[in-house]
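**Student:** One structure, pasted below without further comment.
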Amino acid sequence: QPDPATLLAPPPLIDSAEQAADMAEVKAVYHAADSNAIAAAYSEKKFSVFNFTEAIGTFFVETNLPKTAAFFEKVQADAAAVTDLGKDYFQRPRPYTTDSSLANGKLEKSFSYPSGHSTESMVLGLVLAEAVPDKHDAIVAHARLMGWHRVQIARHYPTDIYAGRV
């Protein structure tokens, strides 16, 4: 089982200039997010490989592909388990716990680093891109965007997203 503590550099130190810059970026992105990005972020609270349907094609729906669905559920669960280990190890507070003016919607109680959405969407995207190589760039772009949406609603810092991609 991968060990996030050995795979990832630690997040910025609490009172560091890097942490201040990370928070400043969250605030700027949060305040600049348009309603479409915010709606997309909330719609992705629970997600699956079928969030990539737009990148793949309209045939790519769960009812058409039950074995694909089962396989990717396992892939996503494995990615989530590794991410949870990292969150528990690093215990980085989420941006809205540090600055309550960023709190909005239903708030997660877990830690912030690394981003589970970023990890899971990138793992799903990379595996899917292996299966559908002609759609690689669109799939990976969508995976990256799903992680970025989490910064737009102040659930994560940019460094959480980047760590999730690793």
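The values are calculated or read from the model by the stated rules, or taken from the named source; none is laboratory data. In this text the structure is predicted, and so the values were computed from the model without any measurement. Positions of Cβ are backbone-derived with ideal geometry, glycine not excepted, and every protein chain shown enters the neighbour counts. For the accessible areas, the whole protein counts, side chains as well, though only heavy atoms, and no ligand, DNA or RNA atoms are used. Shrake-Rupley method; radii C 1.70, N 1.55, O 1.52, S 1.80 Å.
**Student:** Cβ-Cβ distance below 7 Å, separation of 6 or more or different chains: which pairs start in segment 93-111 with a residue that is touching a residue at least 60 places away in the same chain (Cβ under 8 Å) and assigned to a loop (DSSP other than H, G, I, E, B) and end on one that is among the small types (Gly, Ala, Ser) and open to solvent by less than 60 Å² (accessible area, probe 1.4 Å)?
**Tutor:** Pairs that qualify, where the first residue is touching a residue at least 60 places away in the same chain (Cβ under 8 Å) and assigned to a loop (DSSP other than H, G, I, E, B) and the partner is among the small types (Gly, Ala, Ser) and open to solvent by less than 60 Å² (accessible area, probe 1.4 Å), are 94/112.
**Student:** Write out, first by first residue and then by second, each pair whose Cβ atoms fall under 6 Å of each other, whose residues are 6+ apart or on separate chains, and whose first residue, in segment 1-29, is farther than 14 Å from residue 161 by Cβ and touching a residue at least 24 places away in the same chain (Cβ under 8 Å) while the second is assigned to a helix (DSSP H, G or I) and open to solvent by less than 60 Å² (accessible area, probe 1.4 Å).
**Tutor:** 2/82; 4/86
**Student:** Being within 15 Å of the chain's Cα centre (by Cα) and either among the β-branched types (Val, Ile, Thr) or not in a loop (DSSP other than H, G, I, E, B) (or both) narrows it down to one residue among 120, 130; which is it?
**Tutor:** 120
**Student:** Restricting to segment 1-40, name every residue that is under 18 Å from residue 150 (Cα atoms) and of a type in the set (S, T, N, Q).
**Tutor:** 19, 35, 36, listed by residue number.
**Student:** Which ones in segment 1-57 are open to solvent by 60 Å² or more (accessible area, probe 1.4 Å), among the charged types (D, E, K, R) and not in a helix (DSSP H, G or I)?
**Tutor:** 3, 15, 34, 45, 46
**Student:** Among the candidates 74, 67, 135, single out the residue that is in contact with a helix residue (DSSP H, G or I) (Cβ under 6 Å, 6 or more places away or on another chain), modelled with pLDDT of 95 or more, in a helix (DSSP H, G or I) and farther than 20 Å from residue 162 by Cα.
**Tutor:** 135
**Student:** Turning to a different aspect of this structure: Do you know which of the residues in segment 9-67 that are among the polar types (S, T, N, Q) and within 21 Å of the chain's Cα centre (by Cα) is nearest to residue 138 (Cα to Cα)?
**Tutor:** In this case the residue turns out to be 53.
**Student:** Can you tell me which residue is surrounded by the most Cβ atoms within 10 Å (Cβ to Cβ) among those in segment 88-132 that are closer than 20 Å to residue 55 by Cβ and of a type in the set (Asp, Glu)?
**Tutor:** Top of the filtered list is 120.
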